[in-house]
Amino acid sequence: MSAPPLNADRPIPAPVPFGTVFQLVFAQAVRDLVRRRRLLFIAFAGLAPLLLTLLWRNGATEVLDASAFFSNLVGTLYLSILVYLVGLAFGVPTIHDEVEGRTITYLLTRPISRVAVYAGRLAAVQVLAAVLLALSLVLCFAFMVVGDFGVVDVHFVKQYVNHVWIVLLATMVFTGLFAIFGVVFKRPLVWGVAYAFAWEGVVSKIPGQMQTWTLEFHVRNVMMRDEDVQGSMIEFLRQMMVENPDVSPWVSTGLLLVALVAFSIIGGLVFGRREYVVN
Amino acid sequence: MSVPTTMGPETPVMRPGTAVLECDALTRWYGQVIGVNSVSCTVHPGVTGLLGLNGAGKSTLFKLMAGQLKPSKGRVLLLGHDLAHDIGLYRWIGFCPEQDALYESMTGREMLVYLLRLHGLSPREAGARAEGALVRTHLIDDADRPVGGYSKGMRQKIKLAQAMAHDPAVIFLDEPFNGMDPVSRHESMALIRELGAEGKCVLVSSHILHEVEQMTSTILLIQNGRILAEGNVSDIRDLVERHPHRIAIETDDARALAAILIGAEDVLGVRVEAPTRLIVESNHPRLFFGRLPEVALDGGVPIRGYVTEDDDLKSLFEYLVEDGS
């Protein structure tokens with residue numbers, strides 16, 4: 001090596017603050033996602049429950065009351081399909097889009113923390129995914145009650161709030177998990193689909209303790225139990241699983257919240273240490 | 001470059017002779033394949049060309065120098081500091097990647113402002129710097145169009161703009177002229193020369209010698225992940241001149257022409273490939289080409305045409321490798 005350069009004693013400049021990077025990346029990711037066709041596709045998927053709600057309003061209100069219908073809707077459509085679809089569509093590309101698009105180089109050559117980049121992009125996809133499903137749920141509610149406010153009682157509102165909360169929490173958890181897939185795997189969508197529909201979809205239905213290893217079990221476990229709901233698919237499933245493990249909903253809630261935080265931290269750390277060879 | 005140059009508030013003042021970038025036994029393996037093999041070099045302010053064939057290891061070396069890849073062995077120092085240990089050092093670096101990747105839905109201005117803000121600049125300052133970079137790269141008229149609609153040349157320019165907009169001390173430009181039209185190429189080369197004259201350390205990779213020659217006389221020659229030669233373009237030119245060139249000549253009588261040429265001082269050997277085709281190996285091609293019309297006339301052997309078969313970097317590198325071994 002040659003003699004020390006003249007500027008060797010110059011202080012090293014500080015990196016850009018975490019909060020600034022988070023804010024910039026978050027705003028950019030939201031703008032980027034809103035402009036993409038993927039959002040439109042998922043928005044259409046989010047309309048499916050509305051169609052079912054309309055069908056229910058036009059003929060099935062006698063068979064299923066509002067509470068039973070809404071529990072069925074959330075249990076069979078939102079928690080079995082939509083949270084996975086939305087989680088995959090938003091979570092996988094969190095970092096994978098930058099890697100596939102090879103724009104990651106621009107981020108990795110800035111004086112910024114990779115963890116801040118990950119956190120900013122993850123927050124953006126989680127918020128958008130949650131907003132999308134929240135809008136869908138709000139519209140379902142509106143379709144259910146318009147012209148017939150009789151279905152709205154305290155019990156129904158409590159159940160509705162509980163279900164909305166658990167759908168949004170599940171969406172954020174799965175989005176965070178699939179974001180890790182996007183950082184770790186070369187084909188994250190394949191792994192994500194396999195995980196969602198082979199592991200979660202199957203194992204969470206197996207009677208016995210094994211189902212507690214799935215996130216879906218804990219998601220369903222947090223759903224408000226409604227003894228009066230007859231014909232609910234959730235209740236049917238519960239009854240089918242005679243050996244349903246007795247886990248407190250509070251434990252499940254805690255586990256899901258821990259998973260939410262843990263997935264964010266793990267994803268950030270993996271992204272922070274991973275080397276990207278962009279060609 | 002005789003006076004110290006002050007750049008942005010974050011940018012260090014660099015004087016001629018300052019070792020801006022130092023590579024010490026830099027080595028990088030990709031599994032069993034070696035990408036860069038024990039490269040040691042020092043880069044100073046001004047423009048330096050990194051010249052090598054496709055696959056020679058230019059991009060890998062750039063990525064190692066810019067901290068994009070971790071070396072398997074060795075280290076890189078930027079102004080005496082190890083880039084691997086402090087991301088704050090990226091304030092001093094500008095990187096223009098080889099790959100044609102941009103934020104397609106953003107306008108040129110949005111993309112620059114976004115990337116400048118990631119350097120910690122305020123919105124106002126980022127806007128002003130973006131404007132300046134757009135003017136310097138002749139993109140100002142298209143600044144508010146989405147980059148997805150840019151031509152190849154404009155895309156290269158916006159990549160160049162983002163690498164220099166924050167006024168870094170070191171700018172890495174990986175094959176910046178790929179796909180550029182002649183006018184854009186000329187403008188970009190002028191800009192790179194300007195940046196070098198301002199005292200920035202600009203590293204430009206290319207596989208085209210004359211392209212690099214138009215910007216700088218300082219080059220690093222890389223082949224198979226090793227630095228083969230380091231120094232002045234004229235030295236490399238001398239090597240080009242000295243190394244045997246193969247010239248294929250189309251003539252009416254290859255044997256007669258071979259007999260005339262064989263004894264000449266600038267001819268190392270001749271081979272008759274066909275009755276009308278002769279391969280000549282010369283170690284002084286300029287001299288040989290100057291003499292050829294005269295030889296044809298004096299000898300009475302018409303020459304229909306000739307092609308230099310290996311007047312390119314590949315043969316030069318092969319020659320250097322053979323010479324060194």
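Quick check on segment B:93-117: of everything there that is in contact with an Asp or Glu (Cβ under 7 Å, 6 or more places away or on another chain) and surrounded by 19 or more Cβ atoms within 10 Å (Cβ to Cβ), which residue is farthest from A:GLY19 (Cα to Cα)?
The initial filter retains those residues of segment B:93-117 that are in contact with an Asp or Glu (Cβ under 7 Å, 6 or more places away or on another chain), namely B:96-98, B:105, B:107-109.
From what's left, surrounded by 19 or more Cβ atoms within 10 Å (Cβ to Cβ): B:96-98, B:107-109.
Values: B:CYS96: 26, B:PRO97: 27, B:GLU98: 31, B:THR107: 25, B:GLY108: 25, B:ARG109: 23 Å.
Taking the candidates together, the pick is B:GLU98.
Being of a type outside the set (Phe, Trp, Tyr), over 20 Å from the mean Cα position of the chain (by Cα) and within 17 Å of A:TYR276 (Cα to Cα) narrows it down to one residue among A:THR109, A:THR94; which is it?
Just one listed residue meets the conditions, A:THR109.
Give A:ALA8, A:ALA14, A:ALA60 a once-over and let me know the one that is surrounded by fewer than 17 Cβ atoms within 10 Å (Cβ to Cβ), in a loop (DSSP other than H, G, I, E, B), modelled with pLDDT of 90 or more and on the phi < 0 side of the Ramachandran plot. Walk me through how you get there before you give the answer.
Details: A:ALA8 fails: modelled with pLDDT of 90 or more; A:ALA60 fails: modelled with pLDDT of 90 or more.
Just a single option satisfies the conditions, and that option is A:ALA14.
Tally the residues that are more than 16 Å from A:LEU79 (Cα to Cα) and surrounded by fewer than 16 Cβ atoms within 10 Å (Cβ to Cβ), restricting the search to segment A:185-207.
Selection size over segment A:185-207: 7.
For A:GLY176, state whether it is among the small types (Gly, Ala, Ser) and modelled with pLDDT under 90. Walk me through how you get there before you give the answer.
On the way: among the small types (Gly, Ala, Ser): yes; modelled with pLDDT under 90: no.
Considered against the rule, which asks whether it is among the small types (Gly, Ala, Ser) and modelled with pLDDT under 90, A:GLY176 comes out as no.
State all residues of segment B:118-163 that are part of a helix (DSSP H, G or I) and crowded, with 24+ Cβ neighbours inside 10 Å; if no residue qualifies, say none.
B:ALA130, B:ALA133, B:GLN156, B:LYS157, B:ILE158, B:LYS159, B:LEU160, B:ALA161, B:GLN162, B:ALA163
Would you mention how many residues in segment B:66-91 are more than 7 Å from chain A (Cβ to nearest Cβ) and surrounded by 16 or more Cβ atoms within 10 Å (Cβ to Cβ)? Give the steps one after another, and end with the answer.
If we filter segment B:66-91 for residues that are more than 7 Å from chain A (Cβ to nearest Cβ), which is where we start, we get B:67, B:71-78, B:82-85.
Imposing the further condition that a residue be surrounded by 16 or more Cβ atoms within 10 Å (Cβ to Cβ) reduces the set to B:67, B:71, B:74-78, B:83.
Counting residues in segment B:66-91 that are more than 7 Å from chain A (Cβ to nearest Cβ) and surrounded by 16 or more Cβ atoms within 10 Å (Cβ to Cβ) gives 8.
From the list A:LEU135, A:LEU77, pick out the single residue that is in contact (Cβ under 8 Å) with a residue 12 or more places away in the chain, surrounded by fewer than 17 Cβ atoms within 10 Å (Cβ to Cβ) and either within 14 Å of chain B (Cβ to nearest Cβ) or in a helix (DSSP H, G or I) (or both).
Values: A:LEU77 fails: surrounded by fewer than 17 Cβ atoms within 10 Å (Cβ to Cβ).
Checking each option against the conditions leaves just A:LEU135.
More than 14 Å from every other protein chain (Cβ to nearest Cβ) and out of contact with any helix residue (DSSP H, G or I) (no Cβ under 7 Å at 6 or more places or on another chain) - does that describe any residue in segment A:86-96?
no
Please determine whether any residue of segment A:199-218 is within 19 Å of A:LEU132 (Cβ to Cβ), assigned to a helix (DSSP H, G or I) and not basic (Lys, Arg). Walk me through how you get there before you give the answer.
First, the residues of segment A:199-218 that are within 19 Å of A:LEU132 (Cβ to Cβ): none.
No, segment A:199-218 has no match at all.
Please enumerate the residues belonging to segment B:188-215 that are surrounded by fewer than 19 Cβ atoms within 10 Å (Cβ to Cβ) and either under 16 Å from B:THR42 (Cα atoms) or among the basic types (Lys, Arg) (or both).
Selection gives B:ARG193 alone.
Condition first: buried (at least 24 other Cβ atoms within 10 Å of the Cβ) and modelled with pLDDT of 90 or more. Now tell me which residues in segment B:36-56 satisfy that.
Selection gives B:VAL36, B:VAL39, B:PRO45, B:VAL47, B:THR48, B:GLY49, B:LEU50.
Here are B:ASP235, B:ASP253: which of them is more than 13 Å from the chain's Cα centre (by Cα), of a type in the set (D, E, K, R) and within 22 Å of B:GLY57 (Cβ to Cβ)? Please lay out each step first, then the result.
Details: B:ASP253 fails: within 22 Å of B:GLY57 (Cβ to Cβ).
Going through B:ASP235, B:ASP253 in turn, the sole match is B:ASP235.
With (1) under 26 Å from A:VAL117 (Cβ atoms); (2) within 14 Å of another protein chain (Cβ to nearest Cβ) as the list, and B:GLY199 as the residue in question, which single condition is left unmet?
(1)
Would you pick out the residues in segment A:90-104 that are buried (at least 23 other Cβ atoms within 10 Å of the Cβ) and in a helix (DSSP H, G or I)? Quick ask: steps written out before the conclusion?
At the first step, the residues of segment A:90-104 found to be buried (at least 23 other Cβ atoms within 10 Å of the Cβ) are A:90-95, A:98.
A:PHE90, A:GLY91, A:PRO93, A:THR94, A:ILE95, A:GLU98, listed by residue number.
Mind listing just one residue for me: the one in segment A:99-128 that is in contact (Cβ under 8 Å) with a residue 60 or more places away in the chain and of a type in the set (Gly, Ala, Ser) and, of those, farthest from the other protein chains (Cβ to nearest Cβ)?
Selected residue: A:ALA123.
Go through segment B:92-117 and give me each residue that's outside any helix (DSSP H, G or I), touching a residue at least 24 places away in the same chain (Cβ under 8 Å) and at the interface with chain A (Cβ under 9 Å from one of its Cβ atoms).
Residues of segment B:92-117 outside any helix (DSSP H, G or I): B:93-107.
From what's left, touching a residue at least 24 places away in the same chain (Cβ under 8 Å): B:93-98, B:100, B:102-107.
Answer for segment B:92-117, where residues must be outside any helix (DSSP H, G or I), touching a residue at least 24 places away in the same chain (Cβ under 8 Å) and at the interface with chain A (Cβ under 9 Å from one of its Cβ atoms): B:ILE93, B:GLY94, B:PHE95, B:PRO97, B:GLU98, B:ASP100, B:LEU102, B:TYR103, B:GLU104, B:SER105, B:MET106.
For segment A:184-209, which residues satisfy the criterion of being under 16 Å from the mean Cα position of the chain (by Cα) and in contact (Cβ under 8 Å) with a residue 60 or more places away in the chain?
A:PRO188, A:LEU189, A:GLY192, A:VAL193, A:ALA196, A:PHE197, A:GLU200, A:GLY201 - these are the residues of segment A:184-209 that are under 16 Å from the mean Cα position of the chain (by Cα) and in contact (Cβ under 8 Å) with a residue 60 or more places away in the chain.
So B:PHE288 fits all but one of (1) farther than 17 Å from B:HIS210 by Cβ; (2) at pLDDT below 80; (3) assigned to a helix (DSSP H, G or I); what number is the exception?
Against the list (1) farther than 17 Å from B:HIS210 by Cβ; (2) at pLDDT below 80; (3) assigned to a helix (DSSP H, G or I), B:PHE288 comes up short only on (2).
Do you know which residues across segment B:41-91 are outside any helix (DSSP H, G or I) and over 23 Å from the mean Cα position of the chain (by Cα)? If you could, list the steps in order and put the result at the bottom.
The initial filter retains those residues of segment B:41-91 that are outside any helix (DSSP H, G or I), namely B:41-57, B:66-82, B:86.
Those that are outside any helix (DSSP H, G or I) and over 23 Å from the mean Cα position of the chain (by Cα): B:SER72, B:LYS73, B:GLY74, B:GLY80, B:HIS81, B:ASP82, B:ASP86.
Kindly check whether there is at least one residue in segment A:33-44 that is more than 14 Å from chain B (Cβ to nearest Cβ) and crowded, with 16+ Cβ neighbours inside 10 Å.
yes
On the basis of being over 18 Å from A:ARG102 (Cβ atoms) and over 25 Å from the mean Cα position of the chain (by Cα), does B:VAL113 make the cut?
Numbers: over 18 Å from A:ARG102 (Cβ atoms): yes; over 25 Å from the mean Cα position of the chain (by Cα): yes.
So B:VAL113 fits the description; yes.
The values are calculated or read from the model by the stated rules, or taken from the named source; none is laboratory data. Everything numeric here is computed off the predicted structure, so don't read it as measured data. Cβ atoms come from the backbone with ideal geometry, glycine included; neighbour counts cover every protein chain shown.
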